[in-house]
Each structure stands twice: as structure tokens, then as C-alpha cells.
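Step one of this worksheet: look at the structure below.
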């Protein structure tokens, strides 16, 4: 393959810069892809551009096509819930029980932590569930998208999930490539050792808790929260949300609004997705155990390698793309069954609403396809490999975690994919850590730094699929989400750099630098919110206005709240 060198950076950076400046992600992504085709073919590149777009849909044995189908079905489920009056019922329920923005924010935070099994399902469920509640409490869509995004990948990379299984496979393969698998610690042992050094994921989750409990904001998020609180406009004027339920679907059926029309389909989505993932994982695990001549019962296997390891193997072997399709289809079927059972609509109206739900997701689906394509372009041109090779000459034992963090972050930012970044950088990081360290001591540190950087880059990139989906299911404008989340992600990133430097040069262990990092975040949020509020002439806590509090309370007491825009 040709070596494109620094030119490999042009397509992703062009797409990202144009998207942020123009707020037009579709055009920006297409121009980025086209520039890559021009570089690759040294010609006009139109044919190559569309070939890459088609390939992005059918790549990975159709996994991307499955995600698109899941997204469309989720749109249909959301449309049905809205049409049946589920959102109206939740709004009325929230009036009585949820009295503060803090309560709703913490609910979204806790729900995001609980749904640790998959980042896509996390964004869909938390965003769809909490959107109406946060609208009711005048929380900006940007704020909800931040909470959703920062409790999706960071949580999935730490729990029993497909992420962990993928990370274990990378560690195992890296040891095999080095030819040290016989003397190396197990992949699971290395992964567990890397968790304290996956500092960005840990502190990003903590940061969400600090922000939602303190109510303090800074950067563009501060203005977004003041706008939502004072005017009821949960999106910016002129914003282009990736999902506009209210505008596109019209008024819901309000003859018999029931909570079950909201919560039952979502509960079915969660239950069927989890059951399907475990079932497909169990079948795959059973097949692999049979081929390897190992124990074929969970109890026997757990006796050899531990219950946690077996669960990780089973969940990791699960076909989450298929499970999400089954779950979202079951969600749609449940919503239609409720509508028919209570006589809220006939089958024709139900099908029409499903089609309307598909239309809700067309912009999001298009952006997803283009985001995957620009990632493929970067991979074809060797963007990640170029950055990784460039950083090799600057590595030292003391700076190892910091440099690995920066390389992973930049690669993920430009490629828009945590998994692609981890797959590219993990083998290099393990090899370098093994060379620098006394045996395998530095390997968990390097692995944790890879995961930290990959998730940070994914969070800050407008071409990341999880960023797109977080904005989609929260009903936020994609670029507004990126711009408001960026200051928070950068704050956590800088604290992570400080933690790694303390470890590298002073030998400060994670049990010390992690609490220090959390305390630093508390101080930074307080200080930055005050400084930025003074600069903008606003209060650092959007809900501090007595008149706004009185207005919200009067609406709640009257039982007929003003509908947020």
C-alpha cells in the first residue's frame, strides 16, 4: 500500500473542521471523503467516493447494516410511544415527582451507569427514556446528550460487555505477536490491572456526577442551560436536531395517556436485547468450548477460570448487533400491541407511524454511514499508523502513558472510532511497554492509556458513531452536542495527563492519583463555572434564578406545564 504520510490526515481533519465551523455535518463529511478519494486515486475520485460509502454499509459481515436497521427500528419505537401518548403520560408523572433538574440529571447518570452492556443500547435507551423528563425540567438537549455520551462508552469499557471482550482479544493477540504468551500474565489479569489506568473513562463518569449534582456549567453549555431554563427552548434557535419528534409527528393521542405506553416498550427492548445477547453469546461460547475440548457447562468452566471470566467470555461472544435488532423489533411490536389493545389506533395507523419513525432517523442514518466511511478512508490512507509511527521516537518509560494517551486520542479523533483506534494502537503500546518495562509491569499502564485516549478522541469527534447516536436519541443538534461537550472532555483529559505525569515521574499509584483527580475536577468545575459565568454575565448555576424557580413551580402546581420547544 502506498505511503500517504501527512496527507492521510487531510480527509478526517477537513471533515471535522468543516463540520464544527459550518454546522453542516453531512456536507462536511462528504467533502472529507471526497478529498480522501482524490488523494488515493490522484484523480477526481467520484467513483472511489461512492465505492467507499457502499463498502462502509456492508463491512464487518454486515454489522453496520444491522446497526442502521436497529437505528431505524428505534426511530419507529420512539414514534409509536409519542403517538400513543406515552410522552404526555411521562410529562404528567414527572410534574408531581421530579421537582429539580438535579433529580432528573442524576437519574440519567445512574441509568447510564446501569446499562453497561453495550454503548449503542445505552445511548438509545437513556436518551429516549430521559428526553421527555429533561424537557419537562427545562434541561437543554445539549446537556442530556453530554450525560448520555459520557455514560455510554466509558461505562461499557469497564463492565461486562462486548467492549471488554474486544479489549481482551487485543491484549491476547498482542502477547501472541510478541511470542511471550507462555510467560505473560493472562489477558484478563492484564485487563483488570489496566482498569485504574483507564483514567479518562473513570473520571469522565465522575465528571458527569459532579456536573449534574452541582448544577454548574461552563463554556457553551452554560449558555445552553440558561437558554433552556429561562425560555423553555431546549434546543438553540436554528438548531437541526437529528431527531425532531414533535415537529415531524404532530400531536400525540391524548385520550388515554398511560405510563405503560412509555415504559413497557422500553422494558421489552432492554429485556429482549439482554436475553438475545446472552443467548447468542452462550451458543458461540459453547461451540468454541466444544471445538477446544474444554468444559461445556458454565459451572465447570467457572471452576477453572472464575465466574467473571466466563461471563465476560459469554457476553463478549454475543452478537450484539443482532440482539439490538431483536430488541428494537420487540419494542415496536409491543407498542403496536398496546395501541391495538386499548383501541388507540388501528393497524393502518400503526404502520404509518412506524414509517414516520423511519423518516425521523434518515438524517442520523446518513451521518452514521458517512462517519463510518470517513473512518474507512482514514484506515485506507494509513492515518492511524502514520500518527503512531511518528510518536515512537518520543517515547520514554516516564512519558509512556501520556504519549500513548495523546496518540490514541488523536487517532480516535481523526478516525471517529474507539474500536479502530484500540485495534491499531494496542499492539504497538503493548510492545513498547514490554520493551521499556521490567517484564510486564508497564503493560497494564499502556493498555489503560490506550483505552483512555480512544474514548476521549471518540467523545470529542463529530464523526464518531457514538457521538452521532447520543445526539440522535437525545434530540440534540450534532455539532451543538460536540461544541458543548468538548470543554468538559478537555477538562477531564487534562486531569488525566496530570495523573499520568504523577505516576510516571513520582511513582504516585492509582489509589492516590484517582481520588486526587476527582477532587481536582470538583475544584475545576467550581472555578471554571464561576469565571465563565462572570465573563458572560450569567449565574454559574442556571437554576439559581428565583423567578425561574417560581415559574416552574407554578406550572407544576397548576398541573399543566408549558410545553418546551
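Derivation of every value follows stated rules applied to the coordinates shown; laboratory data play no part. Note that the coordinates shown come from a computational prediction; the quantities given were computed from them, not determined experimentally. As a convention, Cβ positions derive from the backbone with ideal geometry for all residues, glycine included, and neighbour counts pool all protein chains shown.
The table below gives the values:
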quantity: Residue order, fewest to most beta carbons within 10 Å, for 342, 175, 500; calculated: 342, 175, 500
quantity: Equivalent ellipsoid semi-axes - Cα gyration tensor, the stretch 90-155, angstrom; calculated: 20, 11, 10
quantity: Chain lengthening between residue 352 and residue 288 when straightened (0.36 nm per residue, less Cα-Cα); calculated: 18.7 nm
quantity: Angle in degrees between helix 25-41 and the longest Cα principal axis of the chain, rounded to the nearest 10; calculated: 30 degrees
quantity: Geometric extent, Cα atoms of the stretch 263-416 - Rg, Dmax (angstrom); calculated: 22.9, 69
quantity: Descending Cα extents along the principal axes, the stretch 136-291, whole Å; calculated: 64, 39, 26
quantity: Label of the coordinate-derived value, Cα extents along the principal axes in Å, listed as (i) 69, 58, 58; (ii) 92, 53, 49; (iii) 75, 56, 52; calculated: (i)
quantity: Expected 222 nm ellipticity per residue - DSSP helices of 4 or more, -39500 (n - 2.57), all of the chain, to 500; calculated: -25500 deg cm²/dmol
quantity: Packing-based order for 115-127, 392-404, 503-515, 202-214, using average beta carbon neighbours within 10 Å, highest first; calculated: 115-127, 202-214, 392-404, 503-515
quantity: Packing-based exposure ordering (other Cβ within 10 Å, fewest first) of 177, 319, 349; calculated: 177, 349, 319
quantity: Gain on full stretching of the segment that runs from residue 182 to residue 397 - 0.36 nm per residue minus C-alpha separation; calculated: 75.0 nm
quantity: 17, 139 arranged by Cβ crowding within 10 Å, fewest neighbours leading; calculated: 17, 139
quantity: P(r), alpha carbons of the stretch 1-60 - 5 Å bins starting at zero, rounded %; calculated: 4, 19, 24, 25, 20, 7, 1
quantity: The chain: angle of helix 362-381 to the longest principal axis, Cα-based, in degrees nearest 10; calculated: 10 degrees
quantity: Mean separation of Cα contacts under 8 Å, 6 or more apart, over the residue count of the chain: relative contact order %; calculated: 26 percent
quantity: Translational D in µm²/s for the stretch 327-407 (Stokes-Einstein at 25 °C, 0.890 mPa s, Kirkwood Rh from C-alpha pairs); calculated: 142 µm²/s
quantity: For the stretch 81-220, alpha-carbon Rg relative to the globular expectation (2.2 N^0.38 Å, N residues); calculated: 1.31
quantity: Rounded tilt (10° steps) of 546-558 against the dominant C-alpha axis of the chain; calculated: 60 degrees
quantity: By average C-beta atoms within 10 angstrom, highest first, the peptides 415-428, 441-454, 264-277, 362-375; calculated: 441-454, 415-428, 362-375, 264-277
quantity: For the stretch 502-544: rounded, prolate or oblate by the Cα gyration tensor [a/c cutoff 1.5]; calculated: prolate
